[in-house]
Structures are given as C-alpha cells and as structure tokens.
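Data first, discussion second: the structure below is written as structure tokens.
The values are calculated or read from the model by the stated rules, or taken from the named source; none is laboratory data. Keep in mind that what you see is a predicted model, and the values were worked out from it rather than measured. Positions of Cβ are backbone-derived with ideal geometry, glycine not excepted, and every protein chain shown enters the neighbour counts. What goes into the accessible areas is simple: the full protein's heavy atoms, side chains included, and nothing from ligands, DNA or RNA. Shrake-Rupley method; radii C 1.70, N 1.55, O 1.52, S 1.80 Å.
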Amino acid sequence: MSADRLVVGAIVGPQGVRGQFKVKLFAESPNALTHYGPLQTDDGRALQLAVKAVNSKGLVIASAVGVDSRDAAEALRGMTLSIARAALPDLADGEVYHADILGLSAIHVDGTALGTIIALYNFGAGEIVEVKPAAGPSVMLPFEGDSLVAIELDNRQVILAPPAGFLDSEDSTDQTDV
C-alpha cells in the first residue's frame, strides 16, 4: 500500500445471494465507505459502495455497482478497500491517522526502546496500542491521556509512559510456593 492511500476497510465475505458483502471497517464511521468517492481494491478496481446496514458484529453490509452475485462478492473476499489520502479532510492539530502510527518505534519516556507499534485498538474503554518488542510476545499499552507523551512522525517514534506494572514480566514478580 502506498503512502498516498489509506485502508478504510477489508471485505470479509459475501452476504446473501445478490452480491452484497461484509466489510470490516477501519474508519470511524461507515460514511467513510461512501462519502469520499470510489474506493480502490487491492487489484486496482474502483468500487462505488452503498452501505445497506451494520450487523450485530459491527460489520458493514455493502453493495457495489457491478457486483451482483454471490460469486462476484466471494471473489472480493480478503481484499482491502483504500482511499486516496488527498480525498480525506485535513486533520486538526494533534490528530493523526492510525495508519501513520503503525510501524513506528515505541519508546518509553525514560528512553528505553519498547518495540514496534503493530496495531491500535479501541475496545470501548479507550485507545490501546499493541507493541511488538525485539523478543517475546507483544504487549498492549494505554494510548491516551498521561500514557501518551508524544507522537513524533518526523522521528518515526511514539513516546509512551505506561502506568506502573504494565511492563513487569512474570519473572520479576515475587512468586512464593504455597
């Protein structure tokens, strides 16, 4: 994916027999699928989507001109839908697109390298960033308020101050046999 395009969704499969399909949304609202014009698929096709509904799992049910059968919708499975960055509104001060955060280095406020940012989530209680260290499993850290010190796009890094205990490993805790 080039830097001049942002992924706003991924097609997860067909819905019904008339060419509708389900989209996992990577944008703030389903309007992103229709408001900014045709979206581009991984194979370069331009699709003008119409949002039909949002199902109970949060997937958007959509249709597109030229996709009129279950087989045609099935052929789209796994494809991402992207939009030209230039078509999006200007960001306010302090705002960034999640896509611009992915791949940046995560640095602890004390200067220690934490790893690389591989995902951002919001499960309803605030923003969470997933960081993959050089070795070991990834860790999920708060990504707002006092925990987010700075986003330095020019330096390709994010400075974090995770709350005490978030980075403690099991080896460092005092474990006693009972």
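Observations on the structure shown:
- Considering segment 110-133, and only residues there that are surrounded by 16 or more Cβ atoms within 10 Å (Cβ to Cβ) and among the charged types (D, E, K, R), the residue that is nearest to Ser147 (Cα to Cα) turns out to be Glu127.
- Residues considered: Val109, Val139, Val129. Of these, the only one that is within 15 Å of the chain's Cα centre (by Cα), of a type in the set (A, V, I, L, M, F, W, C) and at pLDDT below 95 is Val129.
- Residues of segment 59-92 classified as among the acidic types (Asp, Glu) and at pLDDT below 85, total: 1
- Residue within segment 89-107 that is on the phi < 0 side of the Ramachandran plot, of a type outside the set (A, V, I, L, M, F, W, C) and in contact with a helix residue (DSSP H, G or I) (Cβ under 9 Å, 6 or more places away or on another chain) present: yes
- Across segment 12-25, the qualifying residues are those that are touching a Ser or Thr at 6+ places or on another chain (Cβ under 8 Å) and crowded, with 17+ Cβ neighbours inside 10 Å, and the one among them that is nearest to Gly124 (Cα to Cα) is Phe21.
- Check on Ala46, touching a residue at least 40 places away in the same chain (Cβ under 8 Å) and over 20 Å from the mean Cα position of the chain (by Cα): no
- Flag for Leu141 being open to solvent by less than 60 Å² (accessible area, probe 1.4 Å) and within 29 Å of Leu88 (Cα to Cα): yes
- Scoring Ile107 on the criteria (1) open to solvent by 70 Å² or more (accessible area, probe 1.4 Å); (2) under 30 Å from Gly145 (Cβ atoms) leaves a single failure, condition (1).
- Positions within segment 26-69 being open to solvent by less than 30 Å² (accessible area, probe 1.4 Å) and aromatic (Phe, Trp, Tyr), in sequence order: none
- Here Ser63 fits the description: of a type outside the set (Lys, Arg) and assigned to a strand (DSSP E or B).
- Only one entry in Ala99, Ala106 is under 15 Å from Val8 (Cβ atoms) and in contact (Cβ under 8 Å) with a residue 24 or more places away in the chain, namely Ala99.
- Scanning segment 70-102 for residues that are open to solvent by less than 40 Å² (accessible area, probe 1.4 Å) and part of a loop (DSSP other than H, G, I, E, B) yields Leu76, Met79, Leu88.
- Some residue of segment 24-44 being in a strand (DSSP E or B) and over 23 Å from Gly103 (Cα atoms): yes
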